[in-house]
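Just so you know, all these numbers are worked out from the coordinates, no wet-lab data involved. Being a predicted model, the structure only gives us computed values, none of them experimental. So basically every Cβ, Gly included, is an ideal-geometry build from the backbone, and we count neighbours across all protein chains shown.
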Amino acid sequence: MFIKEFKTTISQEPIIIGPDSNRDNIIFAIESSCDETAAAIVKNGREVLSNTVASQIKTHIEFGGVVPEVAAREHLEAINVVIAQTFEQAGLKGEDITAFAATVGPGLVGSLLVGMNAGKALALSYDKPFIGVNHLNAHVCANYLNSDLEPPFAALLISGGHTQIIRVKNYTEQDIIGETIDDAIGEAYDKVARLIGLPYPGGVNLDKLAQTGNPFAFKLPEAKLTNEYDFSFSGLKTASLQLIQKLKKDNLELPKADIAASFQENVTSTLFKKTKKAADSIGAKTIVLAGGVAANSEIRKKFFELRNFGYKIYAPEMKYCTDNAAMIASSAYFLSNTMDSLDVEVFSRM
Ligand code: KG4
Ligand code: ZN
């Protein structure tokens, strides 16, 4: 097994972190890659001792989306309170923490800087290691929280920025089987939501509306791709736009719920078909959903039905699907591809 040895920031004392450690690992993590300022304390990668999220939804609602400069400023205002609340909720102090972690990318650079620098400052003040975490890997690790999940498994990572089918071989090795060649699924949700006039954040609002509509009211196209495990959502987005324009031109009242339901039916069946086939092709009987879109009611329902056919299906609790810091702490504990030094910098893209 891969041993993860970390150095404390000042005394440089070596510390083993992860499943091979011979003592409890209490990791304090910060997440600030987009529009949530979050902190959490997690014991041994799975047990959430405290979890705090300050959402910026109210601020961004008036702009219809996230404005990067505004997001960074809001993180700066919220971060100290969020950190204090997280310690208080767990009844712990800085001295009790084994290591401090923070998301270092991908995400909005200005926002990432706030969380990462707060994490580094805490590590320095308490003389503990600092662990930089990749946000995408962390979404998958959200499935380890309060659960018994162990690799190997197939994961479907569906978020605002990514859509990937991943083969997770063990805690340290994984490869991408398929991914989007254009828009991410969450992006498609948010754009179609905007087209039918739903407020930000689009995904969850479209999900709610879709539950009242007819999923077979409109037939929307499905992309044909060279790699059958890849995704493309830009054609679907254009088809949705054309459908809405046509209905408007004909002076018909927009059947918003039916459009939402038809869109949701389309993406759900594409995600399901491809992921199941990919999982079967690698002999994986465990399928794991991850990322903000894994909070979607229809997607969860469709995948959970596979439990009746001998599959083990995992999805994080709703609060751990969208951005949170507990998943960052879990990732710092389980994964070896972290960035472990005070010199690590933030990055915006993979
Ligand atoms: O993982 P996440 O919080 O942030 C990223 O790392 O991107 O994902 C955010 C995305 C947004 O596009 C949001 O609209 C979508 O997840 N989302 C949903 C639902 N809840 C959040 N999409 C569909 N249905 C939902 N219930
Ligand atoms: Zn995310």
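Worth a mention:
- Compactness index (Cα Rg / 2.2 N^0.38 Å), segment 153-315: 1.05
- Sorted peptide list for 71-80, 236-245, criterion being average Cβ within 10 angstrom, highest first: 71-80, 236-245
- Under 5 Å, built H, 5+ apart or other chain: amide partners of residue 231: 179, 180, 181
- As a ratio to 2.2 N^0.38 Å, the alpha-carbon radius of gyration for segment 1-84 is 1.42.
- With 0.36 nm allotted per residue and the present C-alpha distance subtracted, the residue 5-residue 222 stretch has 73.4 nm of extension available.
- Net dipole in debye of segment 153-315 [+1 Lys, Arg Cβ; -1 Asp, Glu Cβ; about Cα centre; nearest 20]: 340
- Most tightly packed first, judged by the mean number of other beta-carbon atoms within 10 Å of their residues, the peptides 151-161, 304-314 read 151-161, 304-314.
- Computed extension length for residue 170-residue 246: 22.4 nm, one decimal, from 0.36 nm per residue of separation with the Cα-Cα distance subtracted.
- Rounded to 10°, Cα long-axis angle of helix 234-249 versus longest principal axis of the chain: 40
- Helix 68-90 vs. the chain, principal-axis angle (Cα, 0 to 90°, nearest 10): 60
- 10 Å binning of all Cα-Cα separations within the chain, expressed as whole percents from 0 upward: 6, 25, 32, 23, 11, 3, 0, 0
- Of all DSSP beta bridges in segment 153-315, antiparallel share, percent nearest 5: 60
- Extension gain for residue 238 to residue 16 (0.36 nm times residue separation, less C-alpha to C-alpha distance): 74.9 nm.
- Whole-Hz ³J(HN,Hα) from phi, Karplus 6.51 cos²θ - 1.76 cosθ + 1.60, for segment 148-155, glycine and proline x: 9, 4, 9, x, x, 6, 9, 10
- Formal net charge of residues neighbouring residue 105 (Cβ-Cβ distance under 15 Å; K, R +1; D, E -1): -3
- Each helix, a run of at least 4 DSSP H residues, gives -39500 (n - 2.57); summed and divided by the residues of the chain, these come to -12000 deg cm²/dmol at 222 nm.
- Ranked by how many other beta carbons lie within 10 Å on average, peptides 225-232, 8-15, 132-139 from highest: 132-139, 225-232, 8-15
- Between residue 280 and residue 55, the FRET efficiency estimated from the beta carbon spacing at R0 = 41 angstrom works out to 0.60.
- Between residue 253 and residue 148, the simple label model (points 7 Å from Cα in the Cβ direction) yields a spacing of 5.2 nm.
- Count Lys and Arg as plus one, Asp and Glu as minus one, and take only other residues whose Cβ is under 13 Å from that of residue 284; the net charge is then +3.
- P(r), alpha carbons of segment 17-151 - 10 Å bins starting at zero, rounded %: 13, 44, 33, 10, 1
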